[in-house]
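Values in this text are rule-based calculations from the coordinates and carry no lab data. Owing to the predicted nature of the structure, the values given are computational and were not obtained by experimental measurement. Ideal geometry is used to build each Cβ from the backbone, glycine not excepted, and the neighbour counts take in all protein chains shown.
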């Protein structure tokens with residue numbers, strides 16, 4: 001019945017700052033297919049899934065912190081090379097929460113975007 005997750009949408013306060021983070025820091029590819037919805041936003045393609053950024057300063061889902069908490073709401077992205085991902089985050093001076101050994105069978109690395117959205121990367 002289900003084919004998979006099409007997209008995850010995240011609220012951001014500054015679309016230009018967010019686009020810089022997702023493009024330049026994480027290296028995601030921005031999709032040119034986003035229609036003009038009448039509000040600032042951006043779409044990024046990550047494998048077969050998209051991340052939709054929506055600038056909405058009055059949103060109620062902001063965490064109010066960029067502290068990384070692996071138990072807080074997040075989504076996960078599978079990476080081909082977790083060590084390369086960790087090196088990239090260090091080069092870009094992005095704080096990580098590294099959990100190479102945990103109760104799962106995969107290595108987990110958590111980050112926070114500039115608006116406090118937590119993202120897990122794993123291998």
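Couple of notes before you dig in:
- For the chain, convex hull of alpha carbons as volume per residue, Å³: 133 Å³
- Taking the helices alone, the chain has a mean residue ellipticity at 222 nm of -3500 deg cm²/dmol, built from -39,500 (n - 2.57) per DSSP H run of at least 4 residues and averaged over all its residues.
- Relative contact order (%) - criterion: Cα under 8 Å, at least six apart; region: the chain: 26 percent
- Inter-label distance, residue 105 to residue 6: 3.2 nm, where each label sits 7 Å from its Cα along the C-beta direction.
- Antiparallel DSSP beta bridges within the chain, as percent of all bridges there, nearest 5: 60 percent
- Computed E for residue 66/residue 88 - FRET, C-beta separation, R0 22 angstrom, nearest 0.05: 0.75
- Considering all different alpha carbon pairs of segment 25-97, the Kirkwood hydrodynamic radius works out to 14.8 Å.
- 0 to 90° range, to nearest 10: angle between helix 82-91 axis and the chain longest Cα axis: 70 degrees
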